[in-house]
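So the structure is just underneath, and the comments pick up after that.
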């Protein structure tokens, strides 16, 4: 054998940086090569949604307490592929407080929502079959689908008076290969929150075609308009998988705790859980300390969620007040989540070039809309930074778009 060949699946993860991230790397290299190195980041990362980097942190005293208690409980390793019962009971209680019933024995813990998707794609689809996801979309799905050897098909969110499900398009995308429908609410990056009527229609379609519904609700605590999140679990859909975790909810992404709640027809729920436990048992990937810390984190984190929600709303309002004064940008106000997608009104504007020039000239990192399959001329950024930083950098961004004459060319 003359050489080692890697799989096509593996080679798709080599990750060749695009022009925007090559520029970002160049800025960082230039900064770190200077003799007089500054501690501050050489650019403003307007796409970071890690609120811990923006002054909102889960209370350290509660973290210490949670892990102090967990140390004793996790002393002897007795893993449960479904997740420790005390953790699942804490999640059940969280949903009860939301007015939703997801029993502890219908919950499977995972090391985060990304792995939850991988479990479900493996559970539901054979190689070459399809998972139906919304577009605009988040690039993560393509990567997970590649790992699972399944395909992603897209149904459209239409930018009308709000971002809403195009049901005619959704129905047209269902084929004999479709194995599940993904609903993300609040949606990333548009901030759309599915209404009760939209969920009813989607679940009616799922029931008609015998398709499971996967609800990704990781941004559920952060609603700007509705007081409560409508959920497919409250319908008669045949099978619903509810995905969440503490990454966004408690600003603890490094804890790597997520879950899948399984609801619907008893026979389908029972078989789903049996297979999911079998998949999880192959790796037993969820940290035991995190399992036993979760009850304390969720119970004593209720006040933190309220504080975090209030802070996010305040920062979101600051961004909206600046955008509302701009004649160069149009947008549909997000209904929840951490992101906003804005469209440049100039029909000749090029989102890719504007994002690159913003980074080069203003040292502001935003994403061009095509990263998310948005229509032309969109830019995407987060609204979770300190209000002062939002005001300063969003004002600079708006002024740059207004005054720069060199960001126009044929779009892709």
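Taken together, the values in this text are just the output of simple stated rules run on the coordinates, not laboratory data. Since we're looking at a predicted model, the values are computed, not measured. Positions of Cβ are backbone-derived with ideal geometry, glycine not excepted, and every protein chain shown enters the neighbour counts.
Helix 60-73 and the longest principal axis of the Cα set of the chain meet at an angle near 30°.
One Cα centroid belongs to the stretch 45-94, the other to the stretch 1-27; the line between them spans 34 Å.
When only Cα pairs under 8 Å and 6 or more residues apart are kept, what is the percent relative contact order across the chain? Each step should come with its number before you reach the end.
Details: 712 pairs, mean separation 88.7, N = 412.
Relative contact order for the chain comes out at 22 percent.
Report the Cα centroid-to-centroid distance between the stretch 288-325 and the stretch 339-391 in angstrom, as an integer. Each part's Cα centre sits 24 Å from the other's. Per-peptide packing, taken as the mean over residues of other Cβ atoms within 10 Å, places 92-101, 282-291 in the sequence 282-291, 92-101 from highest down. Note on the stretch 75-299: Cα Rg divided by 2.2 N^0.38 Å, N the number of residues, gives 0.97. Let me know the shape class of the stretch 32-168, please: from the alpha-carbon gyration tensor, a ≥ b ≥ c as square roots of the eigenvalues, rounded when a/c is under 1.5, otherwise prolate if a/b is greater than b/c, or oblate. Oblate, since a/c reaches 1.5 and b/c is not below a/b.
Multiply the residue separation of residue 50 and residue 6 by 0.36 nm, subtract the distance between their alpha-carbon atoms, and state the gained length in nm to one decimal. Please list the in-between numbers first.
Values: separation 44, 0.36 × 44 = 15.84 nm, distance 3.39 nm.
Using 0.36 nm per residue and subtracting the Cα-Cα distance, I get 12.4 nm.
With 11 Å as the cut-off, how large is the P(r) tail for the stretch 227-272, expressed as percent of Cα-Cα pairs? When every Cα pair of the stretch 227-272 is considered, 70 percent fall beyond 11 Å.
The P(r) of the chain has a tail past 36 Å containing 29 percent of all C-alpha pairs.
Between residue 402 and residue 19, what is the FRET efficiency for a Förster distance of 25 Å, r being their Cβ-Cβ separation, to the nearest 0.05? Working from the Cβ atoms, E equals 0.60. Taking Cα atoms only, the orientation of helix 196-208 departs from the longest principal axis of the chain by about 60 degrees. Counting only DSSP beta bridges whose two residues both lie in the chain, roughly 60 percent are antiparallel.
Full-extension gain between residue 168 and residue 270, please, as 0.36 nm times their residue separation minus the C-alpha to C-alpha distance. It would help to have the intermediate numbers written out before the result.
On the way: separation 102, 0.36 × 102 = 36.72 nm, distance 3.24 nm.
Contour length minus Cα-Cα distance gives 33.5 nm.
Between the helical axis of 387-403 and the longest alpha-carbon principal axis of the chain there is an angle of about 50 degrees. Here the label points at residue 361 and residue 142, each 7 Å from Cα along the C-beta direction, are separated by 2.9 nm in the simple model. Treating the stretch 252-401 as a set of equal point scatterers at the Cα positions, no solvent, please give the Debye-formula log₁₀ I(q)/I(0) at q = 0.20 Å⁻¹. Listed by q, the Debye log ratios stand at -1.15. For the stretch 135-248, a/c is less than 1.5, where a ≥ b ≥ c are the root eigenvalues of the C-alpha gyration tensor. That puts it in the rounded class.
To one decimal place, what Kirkwood hydrodynamic radius in Å is obtained for the stretch 289-360 from all pairs of distinct Cα atoms? Don't skip to the answer; put the middle values down first.
On the way: mean 1/r = 0.0646 Å⁻¹.
Value: 15.5 Å, from the Cα pair sum.
Note on the stretch 1-101: Cα-Cα pairs beyond 17 Å make up 78% of the total pair count. Take each peptide in 79-87, 188-196, count the other Cβ atoms within 10 Å of every residue, and average; sorted highest first, the result is 188-196, 79-87. Of 28, 401, 115, the residue with the greatest mean-square motion in the GNM of the chain, using alpha carbon springs below 10 Å, is 28.
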